[in-house]
1. How many of the residues in the stretch 70-100 are farther than 10 Å from residue 34 by Cβ, among the basic types (Lys, Arg) and open to solvent by less than 30 Å² (accessible area, probe 1.4 Å)?
2. Just to be sure I understand the filter: pairs with C-beta atoms under 6 Å, separated by 6 or more residues or on different chains, first member in the stretch 75-90 and among the basic types (Lys, Arg), second member assigned to a loop (DSSP other than H, G, I, E, B) and buried (at least 18 other Cβ atoms within 10 Å of the Cβ). Which pairs pass?
3. List every residue pair whose Cβ atoms sit under 9 Å apart, with the two residues 6 or more apart in sequence or on different chains, where the first one lies in the stretch 6-19 and is closer than 11 Å to residue 90 by Cβ and the second, anywhere, is open to solvent by 40 Å² or more (accessible area, probe 1.4 Å) and part of a loop (DSSP other than H, G, I, E, B).
4. Would you be able to tell me the number of residues in the stretch 20-46 that are in contact with a Gly (Cβ under 6 Å, 6 or more places away or on another chain) and either closer than 16 Å to residue 89 by Cβ or at pLDDT below 95 (or both)?
5. Please count how many residues of the stretch 47-90 are of a type in the set (A, V, I, L, M) and at positive phi.
6. Within the stretch 44-81, how many residues are part of a strand (DSSP E or B) and among the charged types (D, E, K, R)?
7. Which residues, counting only those in the stretch 19-36, are open to solvent by 20 Å² or more (accessible area, probe 1.4 Å), assigned to a strand (DSSP E or B) and touching a Phe, Trp or Tyr at 6+ places or on another chain (Cβ under 9 Å)?
8. Kindly provide the set of residues from the stretch 43-55 that are open to solvent by 20 Å² or more (accessible area, probe 1.4 Å), under 19 Å from residue 110 (Cβ atoms) and of a type outside the set (Asp, Glu), ordered by number.
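The values are calculated or read from the model by the stated rules, or taken from the named source; none is laboratory data. Note that the coordinates shown come from a computational prediction; the quantities given were computed from them, not determined experimentally. Using ideal geometry, Cβ is built from the backbone for each residue, glycine included, and neighbour counts are taken over all protein chains shown. Just so you know, the surface numbers come from the protein's heavy atoms only, side chains and all, with ligands and any DNA or RNA stripped out. Shrake-Rupley method; radii C 1.70, N 1.55, O 1.52, S 1.80 Å.
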Amino acid sequence: QVQLVESGGGLVQAGGSLRLSCAASGGFFSISAMGWYRQAPGKQRELVAGISSDLRTNYADSVKGRFTISRDNAKNTVYLQMNSLEPGDTAVYYCRRTVGSTYDYWGQGTQVTVSS
């Protein structure tokens, strides 16, 4: 059974940093594309950052230069390092795992709150 478990969220002041982790189970992690999404109250869920199986990355314009996505295939874990956090980054952050068009899994989410 595939599971994604996020951790690392919390309350931080503007300008601070957090590192989110997403631990995956269920095998085939190294060939999975991984992504971090977020959803703020009253807004649609949006892509924050993604990393492919061959380590290509992409970022939302709003986080470029501040956030970094990485993965450790030996630990079946993907990370999101978030620096220079802003109140606008406040949201529930979700981890997503896809393998082609066959598999698509989401984590339960972790809350990130940035105070001004």
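1. Qualifying residue count, the stretch 70-100: 0.
2. As it stands, the answer is none, since no pair meets every condition given.
3. Short answer, once both residue conditions are applied: 14/84; 14/86; 14/116.
4. Adding up the residues that qualify gives 1.
5. Initial filter on the stretch 47-90 (of a type in the set (A, V, I, L, M)): 47-49, 51, 55, 60, 63, 69, 74, 78, 80, 82, 85.
Then keep just the ones that are at positive phi; that gives 55.
Counting residues in the stretch 47-90 that are of a type in the set (A, V, I, L, M) and at positive phi gives 1.
6. Filtering the stretch 44-81 for residues part of a strand (DSSP E or B) gives 46-51, 57-59, 67-72, 77-81.
Pick out the ones that are also among the charged types (D, E, K, R) and you get 46, 71-72.
Qualifying residue count, the stretch 44-81: 3.
7. The first filter runs over the stretch 19-36 and keeps only residues open to solvent by 20 Å² or more (accessible area, probe 1.4 Å), leaving 19, 21, 23, 25-28, 30-31, 33.
Imposing the further condition that a residue be assigned to a strand (DSSP E or B) reduces the set to 19, 21, 23, 25, 33.
If the condition is that a residue be open to solvent by 20 Å² or more (accessible area, probe 1.4 Å), assigned to a strand (DSSP E or B) and touching a Phe, Trp or Tyr at 6+ places or on another chain (Cβ under 9 Å), then 19, 21 are the ones that fit.
8. The answer is 43, 44, 45, 47.
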